[in-house]
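Mind looking over this structure? Questions follow.
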Amino acid sequence: MATIVGAATALSASKSFDSGKLHLPSRRSLSISERKGSFLVVRSDGSVVHKAHRAQKLIANAVATKADSSAASTASKPGHELLLFEALREGLEEEMDRDPTVCVMGEDVGHYGGSYKVTKGLATKYGDLRVLDTPIAENSFTGMGIGAAMTGLRPIVEGMNMGFLLLAFNQISNNCGMLHYTSGGQFKIPIVIRGPGGVGRQLGAEHSQRLESYFQSIPGIQMVACSTPYNAKGLMKAAIRSENPVILFEHVLLYNLKERIPDEEYVCSLEEAEMVRPGEHVTILTYSRMRYHVMQAAKTLVNKGYDPEVIDIRSLKPFDLHTIGNSVKKTHRVLIVEECMRTGGIGASLTAAITENFNDYLDAPIICLSSQDVPTPYAGTLEEWTVVQPAQIVTAVEQLCQ
Amino acid sequence: MALCLRTSSRSILYYLKSKMGLLSSSSSSLTHQHLQKPPFTAPTAQNVRDPFANFSTKVNLLSTRRFQSTKVEEQWDSLNHAHHNQVLDFPGGKVAFTPEMRFISESPVERVHCYRVLDDKGQVIMSSKFKQVSEEIAVKMYSDMVTLQTMDSVFYEAQRQGRISFYATAIGEEAINIASAAALTIDDLVFPQYREPGVLLWRGFSLQEFANQCFGNKDDYGKGRQMPIHYGSHKHNYFTVAATIATQVPHAVGAAYSLKMDRKKACVITYFGDGGTSEGDFHAALNFAAVMEVPVIFFCRNNGWAISTPTSDQFRSDGVVVKGPAYGVRSIRVDGNDTLAIYTAVHAAREMAISENRPILIEALTYRVGHHSTSDDSTKYRPVDEIEWWRSARDPVARFRKWIESNGWWCSEDESELRTSVRKQMLHAIQVAEKADKPPIAELFTDVYNVPPSNLCEQEKFLKETMKRHPQDYMPDVPV
């Protein structure tokens, strides 16, 4: 145990090792909750879901459980534990300390601390000018951020909910992505646009948007999606340091994930995918919250004798075809699991990219599991079924491996 | 007079009383009155704002009642008097209240006055105050205005001859272009719309550099990526023109915010037309600038037309200047064809913006003499004689010329010499720009990101292979 932990800190740059270490406790915790009442049986019945169960399930996936923390005292383990939103804040704070041109703007980010508390305490520390509360005009404060970026600042624009950034589409597409190009490289826009998106807990259609599919065509921007406290902090720092405009997609339901992250400074690569679980039989590509559904399904699959390789693609634009390609060449079967809508989603582009580049290595057509092309309903039972569930993932893998 | 006042206060009393149900005993007599003769008069222009004007006929009834219930009325009187002095405390601050329901008019009695220094004959108006300009500055201003005019007409002709694909002139707005630029320093950042090339000209952009951008050749700073007139120059602090309307206005606010953080002694200026003020970005940007207290000058070129839409179809307010105070922004309206007025106003605005960290809105009234662009024929929607009148009688260049000539700083020899010289330089610049190579194919893929990513490298490779395989389909003079 000590050696694995020691190795993890020494190789802090190597993400796969850390994430491998991460999943040992979660697997243990999952088996406990699975025994409590089979999630899968309830699913196929279509009967009422016990919300308490669901909530436990999701948190159990990634939170360091009581069993884990009692096993070893916290003092002996290196690193520190925190929640995902705190990891984002830590990354933000470190960058603001390091570079005085970094600033934050958005609705209620100042003294309120942000609607998900990502910027809590920053206004008191850095002042109202560096952590700026804006009036409600998304297109315009994104435009403001672009103007500030062109003049030498490194702003981070927070959308209270990703869906609100649809109002900023004009500035993001026509100016943010374009001005570096149309000015002949004279003006750069090192802006970070971030916010929570994805399907939450009965937030209604307008607050359950997945914008990654809408933004993916815009030339000139990069998109990343974080899924763990470790990569949240790393990607936040990388996005701030990048000279290009970066859109950082967070997920509403992942903000309270707890993880132990290294004390020393680290930055994740914006263009790299994360190997979550190496395997031999099938490549499962996923990102953001679906990573956890996939990992849950992976437990079941392992019990059934399959060996899935799970990759969190993290970089939505551009895709890390190197990591993905190596995996496809090894397993010859691909399953994509995403929360995006089916039509024109990230999965659709990824399917096209893999087919174009690695068609010879595929033994079966790519299966893509996405949300349906419907606005997310409010009713809990309906909402649950718009999101890909572990049972569907298991079925899909079985289908692929026939 | 006194009678009227009493009447109105009585009518308010009547209204209040009727609401309080204190008139129960006399209501029957009132209804009797109703049947006899309608006491209500149709609202006339005089009483339309005073909804209780109708009640003036009730005076007789009230006077008879007065003796019966004086005590109650006394109470009401004292209460009313006390109310007039009270203030209300709401989020946002204290506000005095009034029992009179009075709507603020949608149009003012008189339009906001326009600041002007020179009259139509180029003479300084008697009582006007303005910032003095030296001979050197004045002559440079005038020369640049002439250069701008000449550049516009030569490029316009070039487009008509098919040598460039597109152009938009700034004819009629030369004073706005040059005078506003002259009142600023090179450290002040400029966020233009697209009808302000004169600002760049003042700052030292050469005719050759203008031509390079219009022809999109390899010497264009934009590397051939934008349509003509979408100039941009980092060294001149002139931010690249984007075709989207009013998107530069919030950019300017962001840049001003950046200047404020750096505590620089400089401001930002952003230009937009009357049409641009309808965009949401304009309103939010003004609001932000006021809330954040940043040094930015919002310069509106109200030239009367947004392509074919006249200002009467664009907004119903008194122009753009009244929108400033709505957001808490200090504003002024100036004669956009008066060089000295613009120079003075921008100079003052800059001082205020920097020293007080506040935004300023300047509305310059002018006329778009040229067509919207080479894709437009404005004679289709406005009378030709209107255009011609503004072109000749209200020409800002001629007006300023009269002023500098009256100071002995200019003469007609200088004029013809300048015009011939500029025209020659322009034709030469066009020839050189036309002959120069276009940017190489590699520039199609650079600057999308800071470093070309793998997918773009792949796409570039694919394109080069295609070009090699089918050379007959690609122009031979395009470098790779």
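Throughout, read-outs are computed from the coordinates displayed, never taken from laboratory work. Keep in mind that this is a model prediction, so the values were computed, not measured. In this analysis, Cβ positions are derived from the backbone assuming ideal geometry, glycine residues included, and neighbour counts consider all displayed protein chains.
List the residues, sorted by chain then number, that are 5 or more residues from A:Lys317 or on another chain and whose placed amide H is less than 5 Å from its amide H.
A:Met223
Summing +1 for each Lys or Arg and -1 for each Asp or Glu, what net charge is found among the other residues whose Cβ lies under 10 Å from the Cβ of B:Trp410?
-3
Taking H as built 1.01 Å from N, whose amide H comes closer than 5 Å to the amide H of A:Ile336, not counting residues under 5 places away?
A:Leu285, A:Ile367, A:Cys368, A:Leu369
Could you list the chymotrypsin sites (Phe, Trp or Tyr not before Pro) in the stretch B:147-189 that lie in coil according to DSSP, counting only those with at most 16 other Cβ atoms within 10 Å of their Cβ?
Listed in order of number, the matching sites are B:Phe166.
Rounded if a/c is under 1.5, else prolate if a/b beats b/c, else oblate: with a ≥ b ≥ c from the C-alpha gyration tensor eigenvalues square-rooted, which is the stretch A:273-400?
Details: a/c = 1.81, a/b = 1.28, b/c = 1.41.
Oblate, since a/c reaches 1.5 and b/c is not below a/b.
Take every DSSP beta bridge whose two residues both sit in the stretch B:268-366, then give the antiparallel share in percent to the nearest 5.
Taking every DSSP beta bridge within the stretch B:268-366, about 10 percent pair in antiparallel fashion.
Which of B:Cys457, B:Cys214, B:Cys267 has the fewest other C-beta atoms within 10 Å, and how do the rest follow up to the most?
Exposure proxy ranking, most exposed first: B:Cys457, B:Cys214, B:Cys267.
Classify the stretch A:269-340 as rounded, prolate or oblate from the Cα gyration tensor: take a ≥ b ≥ c as the square roots of its eigenvalues, call it rounded if a/c is under 1.5, otherwise prolate when a/b beats b/c and oblate if not.
Taking the square roots of the gyration eigenvalues as a ≥ b ≥ c, the stretch A:269-340 is oblate.
Another question about this same structure. When the Karplus curve 6.51 cos²θ - 1.76 cosθ + 1.60 is applied with θ = phi - 60°, which whole-Hz ³J(HN,Hα) does each residue of the stretch A:293-301 get, with x for Gly and Pro?
Using θ = phi - 60°, the values come out as 5, 5, 5, 5, 5, 4, 4, 4, 5 Hz.
Measure off 7 Å from each Cα along the Cα-to-Cβ vector at B:Ser127 and A:Asn303, then give the distance between these two points in nanometres to one decimal.
Using points 7 Å along Cα→Cβ, the separation is 9.3 nm.
While we're here: Among B:Asn337, B:Ala348, B:Thr379, which residue has its Cα positioned farthest towards the positive end of the charge dipole of the stretch B:314-470, with +1 placed on the Cβ of Lys and Arg, -1 on the Cβ of Asp and Glu, and the dipole taken about the Cα centre?
Value computed over the given set: B:Thr379.
Take every DSSP beta bridge with both residues inside the stretch A:81-262 and express the antiparallel ones as a percent of the total, to the nearest 5.
Roughly 10 percent of the beta bridges in the stretch A:81-262 run antiparallel, per DSSP.
Ok, one more. What are the ³J(HN,Hα) couplings of the stretch A:157-174, residue after residue, when phi is run through the Karplus curve with 6.51, -1.76, 1.60 and θ = phi - 60°? Round to Hz, x for glycine and proline.
Once θ is set to phi - 60°, the couplings for the stretch A:157-174 become 9, 9, x, 4, 9, 3, x, 5, 6, 4, 5, 8, 4, 4, 5, 5, 7, 7 Hz.
Residue by residue, what Karplus-based ³J(HN,Hα) values in Hz, rounded to whole numbers, does the stretch B:428-437 have, using 6.51, -1.76 and 1.60 with θ = phi - 60° and x for Gly and Pro?
Each residue's phi maps through the Karplus curve to give 5, 4, 5, 4, 4, 5, 5, 6, 5, 5 Hz.
May I ask for the net charge around B:Gly198, where only other residues with Cβ less than 10 Å from the Cβ of B:Gly198 are counted and Lys, Arg are +1 while Asp, Glu are -1?
Values: positive: B:Arg195, B:Arg203; negative: B:Asp144, B:Asp152, B:Glu173, B:Glu174, B:Glu196.
Summing Lys and Arg as +1 and Asp and Glu as -1 gives -3.
Please report A:Arg89, B:Arg469 as a ranked list, fewest other C-beta atoms within 10 angstrom at the top and most at the bottom.
On the way: A:Arg89 24, B:Arg469 8.
Result, fewest neighbours first: B:Arg469, A:Arg89.
Now for a different question. Mind sorting B:Ile104, B:Ile430, B:Ile125 by how few other Cβ atoms lie within 10 Å of their own Cβ, fewest first?
Going from least to most buried by this count: B:Ile104, B:Ile125, B:Ile430.
Rounded, prolate or oblate: which fits the stretch B:135-435, taking a ≥ b ≥ c as square roots of the Cα gyration tensor eigenvalues, rounded meaning a/c under 1.5, else prolate when a/b beats b/c? It would help to have the intermediate numbers written out before the result.
Numbers: a/c = 1.36, a/b = 1.33, b/c = 1.02.
Taking the square roots of the gyration eigenvalues as a ≥ b ≥ c, the stretch B:135-435 is rounded.
Right, something else. Rounded to whole Å, give me the distance from the Cα center of the stretch B:84-132 to that of the stretch A:158-217.
41
Between A:Val104 and residues 5 or more places away or on another chain, which pairs have amide H atoms under 5 Å apart, with H built 1.01 Å from N, and which residues are they?
So A:Val104 has HN proximity to A:Val131, A:Leu132, A:Ile156.
Which value, in debye to the nearest 20, describes the size of the charge dipole of the stretch A:273-400 about its Cα centre when Lys and Arg Cβ atoms bear +1, Asp and Glu Cβ atoms bear -1, and nothing else is charged?
For this selection, approximately 180 debye.
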